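Trainee: I'd like to ask some things about the structure below.
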Amino acid sequence: MQLNNVTISHWITLAGYFGLIIGIYVWHMWIEQTPDHAISIMLIVQLGPLMFPLRGLLASKIYTHAWSMYLAIIYFVVGVWYAGADEDMWFGMYIIANSMLFFTGTLLYTRYASRQAAD
């Protein structure tokens with residue numbers, strides 16, 4: 001099986017996307033120990049937007065990858081916000097890294113897949 005640019009960029013996108021989901025979930029459930037009365041709100045607010053592109057990303061839809069770039073930018077800002085606090089700096093760096101991976105993957109996938117579709 002030969003890996004082309006479209007396949008590689010799709011896997012980069014999924015790595016960043018699922019890295020965000022897993023990292024946010026693990027942070028709030030086990031590492032930070034968010035209070036019980038706030039856990040559902042935190043998970044809905046932080047994980048809820050990531051659920052919208054799930055189906056399109058798994059189905060390799062170009063349009064979903066294109067608008068998901070904006071979602072990656074939002075999570076980059078969230079990562080910078082967390083990285084600004086001393087006690088949450090490493091979590092913020094993790095979010096920044098995964099959002100950049102997500103953004104780069106969606107950018108490259110949109111570029112290569114649209115070129116491949118045009119040929």
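Trainee: Only one of Tyr70, Tyr82 is in contact with a Gly (Cβ under 6 Å, 6 or more places away or on another chain) and without any contact (Cβ under 8 Å) to a residue 60 or more places away in the chain; which?
Mentor: Being in contact with a Gly (Cβ under 6 Å, 6 or more places away or on another chain) and without any contact (Cβ under 8 Å) to a residue 60 or more places away in the chain holds for just one of Tyr70, Tyr82, which is Tyr82.
Trainee: Output yes when any residue across region 110-119 is assigned to a helix (DSSP H, G or I), without any contact (Cβ under 8 Å) to a residue 40 or more places away in the chain and surrounded by 17 or more Cβ atoms within 10 Å (Cβ to Cβ), and no when none is.
Mentor: no
Trainee: Continuing with this model, one more query. Would you pick out the residues in region 29-60 that are in contact (Cβ under 8 Å) with a residue 12 or more places away in the chain and of a type in the set (Val, Ile, Thr)?
Mentor: Selection gives Ile31 alone.
Each value in this text was obtained by applying a stated rule to the coordinates, not by laboratory testing. Predicted model only: the values in this text are computed from it and were never measured. Cβ atoms come from the backbone with ideal geometry, glycine included; neighbour counts cover every protein chain shown.
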